[in-house]
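Everything below concerns the one structure shown next.
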Amino acid sequence: MSLGLFLPSPTLKVKRNEMATVVAPSPVPAEKKKLHRRAAPDRSQKIRHWVQGAFVVLNGWLGLQFYLWVRFYEHGGTGLYVSRPAGAEGWLPIAGLMNLKYFAMTGHVPQVHPAAMFLFASFLLMSVLLKKAFCSWLCPVGTFSEFLAAVGRRIFGRNMRPWRWADNLLRSLKYILLGLFAAAVAFMSAEALQGFMQTPYGLLADVKMLNFFRDLSLTAVAVLGLLVLLSMLVQNFWCRYLCPYGALMGLVSIFSPVKIRRDAEACIDCGKCAKVCPAALKVDQLVQIRSVECSACLQCVAACPAEDALQFALPARPAATPAQRWYRRSLSPVAVTCVIAYLFFGMVLFARATGHWKTDLPRDVYMQLVPRANQLTHPGM
């Protein structure tokens with residue numbers, strides 16, 4: 001057989017521009033998911049802001065009433081007299097923690113600052129059931145922090161987001177502060193806890209807190225001014241990096257059965273939820289948000305355009321469609337408001353009904369102690 005059948009003909013000429021080239025196949029783009037737009041408009045942020053506003057008004061009223069009560073005793077019992085508002089003890093979280101430990105150890109409700117314990121317990125229960133809802137729905141400091149962040153966006157165009165490594169490092173500060181407070185309380189016996197609360201300093205812890213803000217030093221003003229500026233630049237700066245109260249609520253929220261949950265079938269991968277998350281969580285990449293930083297603010301749910309793609313809910317039902325999976329499993333903002341109101345007012349009414357709401361001290365004790373509150377020092381100093 002001739003080899004000429006397998007060799008190219010010498011007369012065959014192939015032009016360079018006619019030579020065949022091998023082209024790699026282009027990647028096939030992923031099919032874009034069809035958007036099933038939400039049927040009803042989202043009302044979560046409007047409702048949440050109403051709840052925040054109502055709680056700010058309540059705290060303002062309690063603060064004014066407490067101020068008038070203090071002024072009555074500072075003026076020697078002259079002028080307008082109003083009763084001491086026990087609800088102001090909600091601003092004494094350390095007293096609430098100490099009294100809660102005393103109650104757990106003895107089974108007895110403490111006589112001094114009992115409202116602090118009941119309010120502290122109600123906020124903890126909120127975190128057990130609804131993640132850190134106290135921080136984003138009730139806490140006046142959190143509300144003010146949100147307001148400052150909004151002001152910062154209007155002035156500077158946007159809020160800054162620190163590098164991830166710096167963000168993670170700074171977040172550890174609030175847990176360090178929480179650890180210091182918790183350690184101080186953990187080593188106190190029931191007798192030591194009761195003894196501390198019955199010292200003049202313990203009796204007037206609320207008055208000393210008021211006087212701190214009434215008589216701010218130049219250093220305190222500078223620190224508060226710096227915190228305001230940082231809160232305008234970095235969203236929720238105080239809550240995110242420095243608040244030990246929020247750190248405790250976050251740790252307790254690990255046990256919450258209700259979480260932000262994403263349905264992968266309904267999700268269109270638009271990423272809008274992650275962009276608006278104030279805690280910079282990767283909501284668009286997770287099936288459920290277990291992070292202790294989630295405050296249940298529902299901003300991610302409000303930003304989601306797809307029906308049944310993102311919800312604040314119990315675990316999904318085993319079902320074929322998203323609508324069936326989340327039927328009666330997700331909590332509406334109205335339901336969240338009702339649970340918060342039930343826990344808050346229920347705890348207050350229970351304390352009142354059992355006679356464990358107010359600190360019962362004679363007037364003459366306050367008449368002697370309140371005018372010299374600034375002279376009282378911590379018993380450990």
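Each reported figure results from applying straightforward, stated rules to the coordinates on display, with no laboratory input. Just so it is clear, the structure is predicted and the values come from calculations on it, not from any experiment. For neighbour counting, all protein chains shown are included, and Cβ atoms are generated from backbone atoms with ideal geometry for every residue, glycine included.
When the alpha carbon gyration tensor of region 41-169 is reduced to an equivalent ellipsoid, its three semi-axes come out at 32, 23, 15 angstrom, largest first. Net charge in the neighbourhood of Thr337 (other residues with Cβ under 15 Å of its Cβ; Lys, Arg +1, Asp, Glu -1) is +3. Cα centroids of region 171-192 and region 330-379: 22 Å apart. Under the rule a/c < 1.5 gives rounded, and otherwise a/b versus b/c splits prolate from oblate, where does region 204-264 land using the Cα gyration tensor? Cα axes put region 204-264 in the oblate bin. The alpha-carbon of Lys174 sits under 13 angstrom from the alpha-carbons of these aspartates and glutamates, leaving out residues fewer than 8 places away in its chain: Glu293.
Structure remark: mean-square fluctuation, Gaussian network model of the chain, C-alpha springs under 10 Å; the largest value among Met209, Met249, Met126 belongs to Met209.
The calculated FRET efficiency for Val223 paired with Ala166, based on their beta-carbon distance and R0 = 22 Å, is about 0.60.
Shape class of region 164-234 from the Cα gyration tensor (axes a ≥ b ≥ c, square roots of the eigenvalues): oblate, since a/c reaches 1.5 or more and a/b does not exceed b/c.
Please sort through the DSSP H helices of the chain and keep those with an alpha-carbon extent of at least 18 Å along the long axis and a Kyte-Doolittle average not below 0.5. The answer, listed by residue number, is 93-106, 114-130, 140-156, 164-186, 218-233, 333-353.
Let me test this: with uniform point scatterers at the alpha carbons of region 87-227, what is the Debye-based log₁₀ I(q)/I(0) at q = 0.13, 0.14 1/Å? For region 87-227 at q = 0.13, 0.14 Å⁻¹, log10 I(q)/I(0) is -0.78, -0.89.
In region 259-330, the alpha-carbon atoms span a convex hull of 76 Å³ per residue.
Each Lys or Arg adds one and each Asp or Glu takes one away; over the other residues whose Cβ falls under 14 Å from the Cβ of Arg48, this sums to +2. How would region 128-199 be classified by its alpha-carbon gyration tensor: rounded, prolate or oblate, with rounded meaning a/c under 1.5 and the a/b versus b/c comparison settling the rest? Verdict is prolate for region 128-199.
Taking every C-alpha pair closer than 8 Å and separated by at least 6 residues, the mean separation divided by the residue count of the chain gives a relative contact order of 25 percent.
Taking chymotrypsin sites (Phe, Trp or Tyr not before Pro) that fall in a DSSP loop and have at most 10 other Cβ atoms within 10 Å as cut points, what is the longest piece of the chain between them?
188-381
One compactness figure for the chain is 1.40, namely its Cα radius of gyration divided by 2.2 N^0.38 Å. The share of C-alpha pairs in region 231-375 whose separation exceeds 21 Å stands at 59 percent. Straight-line cross-link partners of Lys33 among the lysines, defined as a Cα under 25 Å from its Cα and at least 8 positions apart when in the same chain: Lys259, Lys272, Lys275, Lys282.
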